[in-house]
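The values are calculated or read from the model by the stated rules, or taken from the named source; none is laboratory data. This structure is a prediction, so every number in the text was calculated from the model and none was measured. For neighbour counting, all protein chains shown are included, and Cβ atoms are generated from backbone atoms with ideal geometry for every residue, glycine included. Just so you know, the surface numbers come from the protein's heavy atoms only, side chains and all, with ligands and any DNA or RNA stripped out. Shrake-Rupley method; radii C 1.70, N 1.55, O 1.52, S 1.80 Å.
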Amino acid sequence: MAGLNIVFIASEAAPLAKTGGLADVVGSLPLALKKLEHQVTVILPFYRKHLASAGIKTRPLKEEIETWADGIQHLCPLHSAKVDGLDFILVEQDHLYARDELYGPPGGAYEDNLLRYLLFDRVALESAARLSNRVDIIHCHDWQTGMVPLLLKTQYQNLAKIADTKTVYTIHNLAYQGSFPAEWIHRLGIPSHHFHPGGFEFHGQINCMKAAIESSDSITTVSPSYAGEILTREYGCQLEGFLHDHASKLSGIVNGLNIDEWNPLSDQAIAANFGPGEIAGKNKCKKALQIHCGFKVSAETPLLTLISRLAEQKGIDLIIANIGPWMKRGYQLAILGSGDRKNERLLQKLSRKYPQQFYFFRGFNESLARQIYAGGDMFLMPSRFEPCGLGQMIAMRYGSVPVVRATGGLRDTVTDYNAIKSKATGIHFSMATSRAFDIAIKQAVSLYRTPRIWSRIRSNALKRDSSWNSSAQAYERLYESLIAWTPAVANDLVKVTSSPM
Ligand code: ADP
């Protein structure tokens, strides 16, 4: 099939504005699709402050889009940006998007988030309809753009260039569904005839995730395991029944990384470069990290690391419960993250108690993150659930061996030492308990102290192919199947997307 015209509509994309893995995906999957000869445009809000601090050059477009929301006419200027060869359209509305944070103050959310993203969704659809070519696919992501498929099917069918467009909706995290009081339906002109249990109503509220599950032509999640998990009560966040109703259009495609962006051979933020077979630089990075953290410089001491949102999902409590015993055993631990206030306070307190072994940096810091990925021996992800997880993939690329709970994308991307010793890239544990986690850490430390085994695990991790290549092809097949569905394409798609890596 000739190159497709694909539009991504999303609320964040690296390097323009990032709070987590969603930004990594939206910033890198389009580049991989471009390599497959497709045209891709990414539409994002014009986050003035974030764009300025990321040093992104933008150009005002002649077009302005007029739309109504909450009884007010909004005139939205559009801007363009080209970043790493990728075309962005940015929707300006300063009182909504030129804020200090993307979604709200730490631990909270802006009260007008539905207004902010519904307005963005509308303008994004109108912008897509003004591109020079007919749009084949609109790919939207998470609750912020969950209303896009519904709006397209109900209110934007008169726009010729998007009238036949197929929609793909990717669930990056089912736990954030975008729930808002029903009064917004009329204030924002959301199609009210879909406000019922089979549509976007959920316990009397608007649910943006449901709107997308109902209306999109295809639903994907970011790993095959998570696609199966969300159909269960344990992981379904109460939408498992609704997802079952739409399971025929659900599949899982594991995320990739922008391997040029995350490359220890060329990364400028780390103390020394390294890669598979050139490990001397990794030792220098460990030393630099130990100095940065105020730890004793010691090649023998295991240096454990974590970079994460400090949310309940991430199993931070399992780490906190183990810090005392780990300190007694002489491990070093470096954590970078922010989020839940209680976790932040507990970690700060513990870092004051063990200043020579435990370093905690509260905040979001890309350069420090790179130094930690490069300097650590082990990377911890004891997540309660993990749709895909990028941290463990970046860690492997930087030779930091992941110790992960066997859930979602962690299960699909980290090969467990206890399952296949010769191909292992990390260690799994199953139960979400501090004891089970500690047993896995003890095993990791014991392997670390057996250099012959450790260097093989680390080398496997360093060599793992975390690029987008095969997953971008899976998305390509999905897009093509939506445009020209044939049973052969369907069979092929199921095979590719449902086999764990
Ligand atoms: P999630 O999207 O659930 O937060 P992922 O593992 O998928 O988790 O992606 C997290 C991304 O955000 C990774 O690129 C990670 O390096 C980055 N990240 C998380 N916390 C921080 C932080 N405090 N500082 C810098 N980067 C961070």
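So which pairs qualify, if the first residue must be in region 260-272 and closer than 14 Å to residue 366 by Cβ, the second must be open to solvent by 60 Å² or more (accessible area, probe 1.4 Å) and not charged (D, E, K, R), the Cβ gap must be under 7 Å, and the two must be at least 6 apart or on different chains?
Hits for this filter: 267/273.
Return the pairs, sorted by first residue and then second, in which the second residue is among the acidic types (Asp, Glu) and open to solvent by 10 Å² or more (accessible area, probe 1.4 Å), the first residue lies in region 379-399 and is at negative phi and near the ligand (Cβ under 9 Å from one of its atoms), the beta carbons are less than 6 Å apart, and the residues are 6+ apart or on different chains.
390/24
What do you reckon, is residue 367 surrounded by fewer than 15 Cβ atoms within 10 Å (Cβ to Cβ) and away from the ligand (no atom under 16 Å from the Cβ)?
No; evaluated as a whole, the condition is false for this residue.
Can you find, within region 166-207, the residue that is nearest to the ligand (Cβ to nearest atom) among those that are under 25 Å from the mean Cα position of the chain (by Cα) and more than 23 Å from residue 228 (Cα to Cα)?
179
Conditions (1) modelled with pLDDT of 95 or more; (2) over 24 Å from the mean Cα position of the chain (by Cα); (3) under 20 Å from residue 377 (Cβ atoms), marked per residue:
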| position | (1), (2), (3) |
| --- | --- |
| 246 | yes, no, no |
| 249 | yes, no, no |
| 265 | yes, no, yes |
| 286 | yes, yes, yes |
| 299 | yes, yes, yes |
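Go through region 195-224 residue by residue and tally those that are farther than 21 Å from residue 139 by Cβ and surrounded by fewer than 24 Cβ atoms within 10 Å (Cβ to Cβ). Walk me through how you get there before you give the answer.
Here is the first cut: in region 195-224, the residues farther than 21 Å from residue 139 by Cβ are 195-199, 201-206.
From what's left, surrounded by fewer than 24 Cβ atoms within 10 Å (Cβ to Cβ): 195-199, 201-205.
Within region 195-224, residues that are farther than 21 Å from residue 139 by Cβ and surrounded by fewer than 24 Cβ atoms within 10 Å (Cβ to Cβ) number 10.
Taking region 256-307 on its own, how many of its residues are open to solvent by less than 30 Å² (accessible area, probe 1.4 Å), over 25 Å from residue 441 (Cβ atoms) and away from the ligand (no atom under 16 Å from the Cβ)?
3
Quick one: in region 1-26, of everything that is small (Gly, Ala, Ser) and open to solvent by less than 10 Å² (accessible area, probe 1.4 Å), which residue is nearest to residue 364 (Cα to Cα)?
Restricting attention to region 1-26, the residues satisfying the condition of being small (Gly, Ala, Ser) are 2-3, 10-11, 13-14, 17, 20-21, 23.
If we keep only those that are open to solvent by less than 10 Å² (accessible area, probe 1.4 Å) as well, we get 10-11, 13, 17, 23.
Values: 10: 21, 11: 18, 13: 15, 17: 12, 23: 14 Å.
For region 1-26, the residue satisfying everything is 17.
Considering only region 202-275, give the helices (runs of 4 or more DSSP H) lying wholly within it that have at least 1 residues that are aromatic (Phe, Trp, Tyr). Break it down into steps so the answer makes sense when it comes.
Working: elements: 208-215, 224-229, 240-245.
The qualifying helices (runs of 4 or more DSSP H) are 224-229, 240-245.
Taking region 111-135 as the search range and keeping residues that are of a type in the set (Asp, Glu) and within 24 Å of the chain's Cα centre (by Cα), which one is farthest from residue 64 (Cα to Cα)? Full working, then the answer.
Restricting attention to region 111-135, the residues satisfying the condition of being of a type in the set (Asp, Glu) are 111-112, 121, 126.
From what's left, within 24 Å of the chain's Cα centre (by Cα): 111-112, 121.
On the way: 111: 26, 112: 22, 121: 15 Å.
Looking at the filtered set, the residue picked out is 111.
Six or more apart or on different chains, Cβ atoms under 6 Å: show the pairs whose first residue is in region 338-353 and closer than 18 Å to residue 324 by Cβ and whose second is open to solvent by 40 Å² or more (accessible area, probe 1.4 Å) and in a helix (DSSP H, G or I).
Between residues of region 338-353 that are closer than 18 Å to residue 324 by Cβ and residues that are open to solvent by 40 Å² or more (accessible area, probe 1.4 Å) and in a helix (DSSP H, G or I), there is no close pair.
Give all pairs with beta carbons closer than 9 Å in which a residue from region 53-67 that is under 21 Å from residue 15 (Cα atoms) meets a residue that is of a type in the set (Asp, Glu) and open to solvent by less than 60 Å² (accessible area, probe 1.4 Å); count only pairs at least 6 apart in sequence or on separate chains.
Correct list of pairs: 60/92.
Against the definition (more than 16 Å from the ligand (Cβ to nearest atom), surrounded by fewer than 18 Cβ atoms within 10 Å (Cβ to Cβ) and closer than 24 Å to residue 21 by Cα), how does residue 342 come out, yes or no?
Details: more than 16 Å from the ligand (Cβ to nearest atom): yes; surrounded by fewer than 18 Cβ atoms within 10 Å (Cβ to Cβ): yes; closer than 24 Å to residue 21 by Cα: yes.
Against the criterion (more than 16 Å from the ligand (Cβ to nearest atom), surrounded by fewer than 18 Cβ atoms within 10 Å (Cβ to Cβ) and closer than 24 Å to residue 21 by Cα), residue 342 qualifies.
Spot the failing condition for residue 112; the list is (1) open to solvent by 60 Å² or more (accessible area, probe 1.4 Å); (2) more than 16 Å from the ligand (Cβ to nearest atom); (3) of a type in the set (Asp, Glu), and only one is missed.
Result: residue 112 fails condition (1) only.
Check region 315-330 and report whether any residue there is within 25 Å of the chain's Cα centre (by Cα), more than 16 Å from the ligand (Cβ to nearest atom) and open to solvent by 60 Å² or more (accessible area, probe 1.4 Å).
yes
Taking residue 90 as the residue in question, decide whether it is open to solvent by less than 50 Å² (accessible area, probe 1.4 Å) and in a helix (DSSP H, G or I).
Numbers: open to solvent by less than 50 Å² (accessible area, probe 1.4 Å): yes; in a helix (DSSP H, G or I): no.
No; evaluated as a whole, the condition is false for this residue.
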